[in-house]
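J.: A single structure is presented below for examination.
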Amino acid sequence: DAKLQAITNGDNRAFSARVFRGILKELFGERVNVEAPLPEQIAAAKHLAKQRLSEQLRRSWDHRNGSWDREIRLDPDLPIFAYGGRLVPEKWGERAFSEANIRKLVRGGANVVIYGNVQAGEISANRFKELVALAAALKAEGHRGQLVVRTGWDQDDQALLLAAADVLVLDSSRHFDKRPSGTEAAGFTEVDGAANGCLVMGPSWLEGIIQA
């Protein structure tokens, strides 16, 4: 007798990876195996996707939506650690993307790109302001790596972020406001990192490891 724990959200792999697969075909032709691209093909596609992510951020510049500036240029030779989702405590807390960890990543030569859509209430809005302030502080230090924060994005924006990302961070908590919120079996099927040629970093929950 199995007890229902969670219903997975599911993911359309082709839809999630449409930008990444499009770049693969652009670079290597229609016969490229998008289900199992070669390491050098992944590297080339990521490099171009990072350049296009920078271009998109410059085109869509709006000081209300994030911390990037009109002339932002992400170094395509640096890895991108990314998050895309709601900016809420159960999906975003002092875990993988703590302020200390973000500082270490940027200072160590990585780009951190956070697409966190602000939700209703002060908690989400205040967290966004904190991230914007942190991005400005790190930029002033003059590192090759950068912290980029954005809200107000859509699925097309997320598809390009996935194509450019090297590590997708999904560290949702099982608990919110000291209450259990179910397992993480659902969360790890929302976005398919593997189809975009990136690693998925999740919490140490058993179901999270399996899905990641």
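Where a number appears in this text, it was derived from the coordinates with a stated rule and is not lab data. Only a predicted model underlies this, so the values are computations on that prediction, with no experimental measurement involved. Glycine also receives a Cβ, built like all others from the backbone with ideal geometry; neighbour counts cover every protein chain displayed.
J.: Under a crude label model (7 Å from the Cα following the beta-carbon direction), how far is Glu71 from Ala125 in nanometres?
T.: Calculated label separation equals 3.3 nm.
J.: Separate question: Highest first, please rank the peptides 148-154, 15-21, 163-169 by the mean number of other Cβ atoms sitting within 10 Å of their residues.
T.: Ranked by mean Cβ neighbours within 10 Å, highest first: 163-169, 15-21, 148-154.
J.: Same structure, new question: What list of ³J(HN,Hα) values in whole Hz, one per residue of the range 116-133 in order, does the Karplus curve 6.51 cos²θ - 1.76 cosθ + 1.60 (θ = phi - 60°) give from phi, with Gly and Pro shown as x?
T.: Here the 3J(HN,Hα) series is x, 6, 5, 9, 5, x, 6, 4, 5, 5, 5, 5, 4, 4, 5, 5, 4, 5 Hz.
J.: Tabulate in residue order the Karplus-calculated ³J(HN,Hα) for the range 45-58, using 6.51 cos²θ - 1.76 cosθ + 1.60 with θ = phi - 60°, rounded to whole Hz; enter x for Gly and Pro.
T.: 5, 4, 4, 5, 4, 5, 5, 6, 5, 4, 4, 5, 4, 5
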